[in-house]
Amino acid sequence: MNYFFKLFCLYLRILFYITKIMLNKKYIIISGANGYLSQFFSKNLCKEYNLILWDIKFNKEFLSNIKKLAKENNSHVVSMNVDITDHLKIKKSIKTLNIKKIKIYGLINCAGLNPQPNIQNPDYYKNYKSFMNMWEKEINISLKGYMSMIYEVSKVLQKSKNSTIINFSSDLGIISPNQNIYSKDSIKPLVYSVSKHGIIGMTKYFATLLSDKGIRVNSICFGGIYNKKFDKNFVKKVSKLIPLERMCNIEEILSPINFLLDHKNSYMTGHSLVIDGGRTIW
């Protein structure tokens, strides 16, 4: 009997220790969490942070894997079906987190459609209806959606000390796309450039607006991130535009994100961190 009692006490001590670690880890909300890049960096972040993943829908295998990985690292992962173009849904989701007394430290806005040139109709600019359909969808997510997220999430972020917001933009939020790298019958959509430029402007605006609330707001601008699915000729054309003569490897997105999240990086706000192999300096 004494043996089992000691074993039970040991179990409680271990449980208390694990719970304490989980509570000490900061919670980060990630919008667009089911995306290609989000899935990758979330698996890394869950080792150091508790994550709240928001997206319209999730890949079941991804959720299973990341929750298993989080458990192995004494972290907590929560997934919620949230459409960031629905302001009311964002408010309700924040209320749910408040009820559960989850204290939020950071927000990463990573949602977006990322319309690809290779799926564009050659008559893209001639067909106004098609043009505006794509325009409205991307603007709704990347500008209206990001704004709604910051507007609502900042209300809870100010309860934490030295909290942070990271908005995903792009090197094409700084320079214009070189249409020569795409095939003859396709172009990089206008709305992609407009939304990415807009995110940088929004970042600067909210950095000043929220500074007295102890919230840092920065954007991150990655250049083209290599994907095995890319056409070899396309990769070659892009690489010629970059001083380092190659596209970004997906592993290289981790350090910049961790840098912007780090509470020690307390004097940086309103900045657009460019990770593009030098493309925008030419």
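Just so you know, all these numbers are worked out from the coordinates, no wet-lab data involved. Source: prediction; values computed, not measured. Here Cβ is always computed from backbone atoms with ideal geometry, including for glycine, and neighbour counts include all displayed protein chains.
Brief remarks follow.
- Electrostatic tally near residue 279: other residues with Cβ closer than 15 Å to its Cβ, Lys and Arg +1, Asp and Glu -1, net +2.
- Placing dummy labels 7 Å off each Cα toward the beta-carbon, the span from residue 282 to residue 114 is 2.2 nm.
- Excluding same-chain neighbours fewer than eight residues apart, the aspartates and glutamates reachable from residue 240 by a Cα-Cα span under 18 Å are 171, 231, 276.
- Local net charge near residue 91, Cβ-Cβ under 13 Å (Lys/Arg +1, Asp/Glu -1): +1
- Straight-distance crosslink candidates among lysines, where the alpha carbon sits under 25 Å from residue 68 and sequence neighbours closer than 8 are dropped: 20, 25, 26, 43, 47, 57, 60, 100, 101, 103
- Residue 96/residue 186 FRET efficiency (R0 45 Å; Cβ-Cβ; nearest 0.05): 0.60
- Sorted by Cβ neighbour density within 10 Å, fewest at the top, the residues 203, 269: 269, 203
- Partners for residue 95 among aspartates and glutamates (Cα-Cα distance below 12 Å; same-chain residues under 8 apart left out): 152
- Summing charges over neighbours of residue 65, with a neighbour being any other residue whose Cβ is under 14 Å away from its Cβ, gives +4 when K and R count +1 and D and E count -1.
- Residues of region 234-256 falling in the label zone of residue 59, defined by backbone nitrogen less than 16 Å from a point 7 Å along Cα to beta-carbon, are 250-251.
- The HN-Hα couplings worked out from phi for region 268-282 by the Karplus form 6.51 cos²θ - 1.76 cosθ + 1.60 (θ = phi - 60°) are 10, 8, x, 9, 10, 7, 9, 10, 9, x, x, 4, 7, 8, 8 Hz, whole numbers, x standing for Gly and Pro.
- Filtered chymotrypsin sites (Phe, Trp or Tyr not before Pro), region 184-267: DSSP coil and at most 16 other beta carbons within 10 Å: 226, 230, 267
- Helix-only mean residue ellipticity at 222 nm for the chain, each DSSP H run of n ≥ 4 adding -39500 (n - 2.57), per residue, nearest 500: -13500 deg cm²/dmol
- Two-site label geometry, residue 259 and residue 213: point separation in nm, points 7 Å out along Cα→Cβ: 2.6 nm
- Low-density loop positions, chymotrypsin sites (Phe, Trp or Tyr not before Pro), region 24-100 - DSSP coil, at most 11 other Cβ in 10 Å: none
- Applied to region 192-199, the Karplus parametrisation 6.51 cos²θ - 1.76 cosθ + 1.60 on θ = phi - 60° returns per-residue 3J(HN,Hα) values of 5, 5, 4, 5, 5, 4, x, 5 Hz, with x for Gly and Pro.
- Under Karplus coefficients 6.51, -1.76 and 1.60, residue-wise ³J(HN,Hα) of region 127-140 in Hz, glycine/proline x: 9, 4, 4, 5, 4, 6, 4, 5, 4, 5, 5, 5, 5, 4
- Distance histogram in 5 Å bins (all Cα pairs of the chain, percent per bin): 1, 5, 11, 15, 17, 16, 12, 9, 5, 3, 2, 1, 1, 1, 0, 0, 0
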